Amino acid sequence: MTQIDDTRGLDYHESLLWEKARSDTPGVDLPTPENKPLRTGQNARAEIGLPQISEPQAVRHFVRLSTKNYSIDHGFFPLGSCTMKHNPRLNEKMARLPGFAHLHPLQPMETTQGALALMCELQRWLGELTGLPGVCLTPAAGAHGELAGIMTIRAAHLHKGHHHKTVILVPDSAHGTNPATAAMCGYTIRTIPTRETGRVTLSAFKEALGDGYDVAGMMVTNPNTCGLFEKDIREISDLLHKAGGYFYGDGANFNALVGKIRPSDLGVDVMHINLHKTFSTPHGGGGPGSGPICCTPELAPYMPTPIVIKDQNTYRLEQAGERPTSCGQLKGFHGQFGMHVRALSYMMSHGKDGLKRVSEDAVIHANYILSQLQDDYHVPYAGPCMHECLLTDKIQKEKGVTTLDIAKTLIEYGMHPMTVYFPLVVQGAMLIEPTETESQAELDRFIHVMKMVAQDVTAGRTDTLHTYPVSAPRRRLDEVKAAKEPNLRWKVS
Amino acid sequence: MRYLPQTKKSRDNMLSAIGVTHVDALFTDVPAEALNHNQFNLPDHQGELAVERTMNQYANQNRPASAGRFFLGAGAYYHHIPATVDYIIQRSEFLTAYTPYQPEIAQGTLQVIFEYQTFIAQLTGQDIANASMYDGATSCAEAGLMAMRVTGRKKIMIGTPLHPHYRETLMAYLNNLPDADIEDHITSDTACVIIQSPDFLGVPHAYDDWRKRCDAVGALLVVVVTEIVSLGLLPAPAQADIVCGEAQSIGLALSYGGPHLGFFACREKYLRQMPGRLCGRTVDADGKPGFVLTLSTREQHIRREKATSNICTNQGLCALAFTVHMSLLGEDGFKTLARLNHEKACYLADALSGVKHVKLPNPHFFNEFVIEIPQKSDVVLDHLRRRDIIGGYAVSDHHILVTATEMTTDDDINMYARALSDILTEVSA
């Protein structure tokens, strides 16, 4: 007798594909092979060990799994430095046009002029918006864009014979990808402390720079991950440039600037743009991303290859070896073209007028939240903030309620938590990025729940806060067990 | 503007709650000369219809593989994608979710990743697989870097013809590190030997001899697969230490080169040196089974400059498309698909080698192979294009790599053979 699983109501128990009874027929109908002798020079593969189910079973499996996910289409997603904004479906529709979707990257360029023109236009938009006209679309994600940018800087130094420049300056509030990227490029990381003010101060920068002899560059996110604009950025970039270093701008927080402030006017030499953040290409549960880089004319000769070039009325990709100063090719083919289509659709939909409203509304929303919660939560650095605001659990922790508890309480109330325990420079950090695509009612609901938590803590009603979530598809998961006893795949038992 | 919910009234409300009268009062930390740049040479906002018109114009200037008579592969393959795949990946709950950092509300994405890891491990004959790399070329570069970490050595040997983009990408990654280099021979300094199979010219390879040669010097064996469908017909590279490559063929459109799906599998003993995201099974506070991202102490957000890689994607939606397509294919369907690809390529090989002056240098192949012609490859390919046939990829002056998949029809193949015959007669060598 089969045991009944623990499905109740709309909460489905969904087994692994491998745990399902194997169907005689798969979920596709293919022609019958002729089974002639193989010309592979090898025997045909034996049993692989794959599951087999029909199409209706497959659809049900994935639809049931989907119901266990939270998404931006469900509700508020204030994940700091991640820019979870509305993902317009027009972009999806455009990327699926057969003239884009079924285009092979190695086709003769006479047959891909439309795609190349689109990429050229995206290069132009990104160049205009950043003030950095050298644009390379190939990087596949933000971290890959960082790699492209730091390799561009490195190639420039090596070309000039500056082999002594071996250090990259990185503030301690930076994303982990910054130091990890610089290390992948063989650089030594020198950390700029920011704990005291939440910013890179002129004096801390000067101390890290020293005489600047060994400094190849600096990686700064601006606005930074404390939600603050680096107000000394012009003086800092001037000093860096005088010492022969380049300023890498981490584009994770470009949503605070887009259409209103050009990074070039802040002294940035090269930066990546997360098309999946600022320009709304969907996060897809963690990818695919797209991280084009933009740079000054001085650095452009060193960018990765290929870029798209317009010769009179025809478009073409750079040929292999055409730009010998390039830092090289960083992936197969020429970038996440499907994401380029989506991002350009988004840009055209907004226009320069709409993009300015994007950054302004994003900044208003973060400051609105800050203004409503600053009496309830500890604010480590005074505002105004930019497009995200930083709170901590300092007040609540005295009563034993932590950032983790607050995050999980938000889940209980049907919202995605903010970014937690980042930046590392602040204890119990809660980094809140509301984005411009929320209504005031959504913001108010979030504020209401946050105030309720603070009041519960004050009143000593903390027991339930440690138990949340109880209404989500799962309760808190045992991460220690997962790491201690790695179970990373289904196995025949 | 249709994507922005605020009205003038609600903005003013919020500004007054903040305690300012104008939005620029929130930007006082920005240098005045940088604020409110107003010289953008860009248009103002447009409605859906206008955007669609422009996008359609771009799309209509391309000649896609779906127009037929398409024989180009070389690392990206035109395959059929079942309707279910695109339906599932467009569900909001998958499409617009974030990286599953909050596992209580991300079990859908996490279970898919766990299933994806299992699919990749089963297909490659390896113990474990990560949740995922950008593409085949970067996955191959990461494998090279991982082999260097495991062995403490700096040299990488490429044993069979490797896709030129993979080679270029590997070289660019290695250029960043002192003494790291690609070599064409195996020594006691060799961190790994990279074997692409089928190789860039389409030839499948066996691994036993390479395994012995690697073991003799203590190097790792890395197998690269650019056409994952081949794993339904060719034996699994179970002898390898790392198997990596490109999985675009299952579930992902060509999309002019991306997004595609890198995969990465290895032996369990190298787990701690792996790059990228891993999903593991555990239990929740009620003892119910569930999944989380795990072993993140290898990763950049914890280890910073000491991380195994800077990568933080899990290429989630691409891994989902792959997993949905694989679940539809199943054991029988996947093997049948592989065999159909091979049989179509056999038909193509017979048709083209029947053309006067065309030779087939390599008798063994999976779904692509090289033809040798007396005339210049690029000239012949251009003549084919004028007849609306995308004839393949020029790998040298007189060699063209041609590809067939289940999408290729016998009519297409016959048309190709006739056109090639005509062109080789018309164009002098």
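The values are calculated or read from the model by the stated rules, or taken from the named source; none is laboratory data. Note that this is a predicted model, so its numbers are computed, not measured. Every residue, glycine as well, gets a Cβ built from its backbone with ideal geometry; the counts of neighbours run over all protein chains shown. Surface accessibility is based on the protein's heavy atoms, side chains included, excluding ligands, DNA and RNA. Shrake-Rupley method; radii C 1.70, N 1.55, O 1.52, S 1.80 Å.
Can you give the FRET efficiency for B:D208 and A:D6, using 1/(1 + (r/R0)^6), R0 = 51 Å, r = Cβ-Cβ distance, to the nearest 0.05? After rounding to 0.05, the efficiency reads 0.60.
Averaging over all projection directions, the Cα-based convex hull of chain A occupies 29.9 nm² in the image plane.
Averaged over the residues of peptide B:321-327, the number of Cβ atoms from other protein chains lying within 10 Å of each residue's Cβ is 5. In chain B, helices alone account for a calculated mean residue ellipticity at 222 nm of -12000 deg cm²/dmol, with every DSSP H run of four or more residues adding -39,500 (n - 2.57). By definition, a body whose alpha carbon gyration tensor gives a ≥ b ≥ c is oblate when a/c is 1.5 or more and a/b is not larger than b/c, and chain B fits this oblate description.
Note on the stretch B:310-376: Rg/Rh from Cα positions, Kirkwood definition for Rh, rounded to two decimals, is 1.21. Measure nothing fancy, just the Cα-based angle from helix B:164-174's long axis to the longest principal axis of chain B, in degrees from 0 to 90, nearest 10. So the helix axis and the longest Cα principal axis differ by about 50 degrees.
Taking the longest Cα principal axis of chain B as reference, the axis of helix B:208-217 is set at about 70 degrees. Taking only the C-alpha atoms of the stretch B:84-323, the Rg (one decimal) and the largest Cα-Cα distance, Dmax (whole number), read 17.6, 56 Å.
The stretch A:420-462 and the stretch B:268-333 have Cα centres spaced 29 Å apart. When B:V150, A:V480 are compared by accessible area of protein heavy atoms, the largest-first order is A:V480, B:V150, using a 1.4 Å probe.
Based on alpha-carbon atoms, the Kirkwood radius and the radius of gyration of the stretch A:352-480 give Rg/Rh equal to 0.98. Can you tell me the 0 to 90 degree angle between the C-alpha axis of helix B:410-426 and the longest principal axis of chain B, rounded to 10? Computed tilt is about 60 degrees. Taking the DSSP beta bridges with both ends in chain B, the antiparallel portion is around 55 percent. Using the average count of surrounding beta-carbon atoms within 10 Å as a protection proxy, the listed peptides B:204-210, A:364-370, A:227-233, B:412-418 rank, highest first, as A:364-370, A:227-233, B:412-418, B:204-210. The protection proxy used here, the mean number of other Cβ atoms lying within 10 Å of each residue, ranks peptides A:240-251, A:3-14, A:117-128 as follows, highest first: A:240-251, A:117-128, A:3-14. Working from Cα pairs under 8 Å separated by at least six residues, relative contact order for the stretch B:1-141 is 8 percent.
I'd like the distance separating the alpha-carbon centroids of the stretch B:96-133 and the stretch B:408-429, in whole Å. Each part's Cα centre sits 45 Å from the other's. Taken residue by residue and averaged, Cβ atoms of other chains lying within 10 Å of the Cβ of A:51-59 number 5. Charging the Cβ of each Asp and Glu at -1 and of each Lys and Arg at +1, and nothing else, the dipole of chain A about its Cα centre rounds to 800 debye. Rolling a 1.4 Å probe over the protein heavy atoms leaves B:D284 with an accessible area of roughly 10 Å². Here is how the number arises for chain A: DSSP H runs of 4 or more residues each give -39500 (n - 2.57), the sum is divided by the residue count, and the result at 222 nm is -10000 deg cm²/dmol.
Cross-link partners of B:K288 among lysines, defined as those whose alpha carbon lies under 22 angstrom from its own and excluding same-chain residues fewer than eight positions apart: A:K20, A:K68, A:K408, A:K481, A:K484, A:K491.
Among complete DSSP H helices in chain A, those whose alpha-carbon atoms stretch at least 18 Å along the helix's long axis and whose mean Kyte-Doolittle hydropathy reaches -1.0 are A:113-130, A:142-159, A:337-373, A:440-458. Over the Cα atoms of the protein assembly as shown, the radius of gyration divided by the Kirkwood radius equals 0.96; this is the Rg/Rh ratio. Residues A:E19, B:E93, ordered by accessible area of protein heavy atoms at a 1.4 angstrom probe radius and largest first, appear as A:E19, B:E93. The alpha-carbon of A:K260 sits under 12 angstrom from the alpha-carbons of these aspartates and glutamates, leaving out residues fewer than 8 places away in its chain: A:E128, A:D353, A:E360, A:D361, B:D24, B:E33. Relative to one another, the C-alpha centroids of the stretch A:50-102 and the stretch A:323-350 are positioned 22 Å apart. Taking Lys and Arg as +1 and Asp and Glu as -1, the other residues whose beta-carbon sits under 15 Å from that of B:I186 total -1. Provide the buried accessible surface between chains B and A in square angstrom, both chains summed, 1.4 Å probe, rounded to the nearest 100. Approximately 16900 Å², summed over both chains. Take every Cα pair under 8 Å whose residues are at least 6 apart in sequence, average their separation, divide by the length of chain B, and the relative contact order is 20 percent. Of the residues B:V358, A:P133, A:V363, the one whose Cα sits farthest toward the positive end of the charge dipole of the protein assembly as shown, with +1 on the Cβ of Lys and Arg and -1 on the Cβ of Asp and Glu, is A:V363.
Once C-alpha pairs closer than 8 Å and six or more residues apart are averaged by separation and normalised to the residue number of chain A, the relative contact order reads 18 percent.
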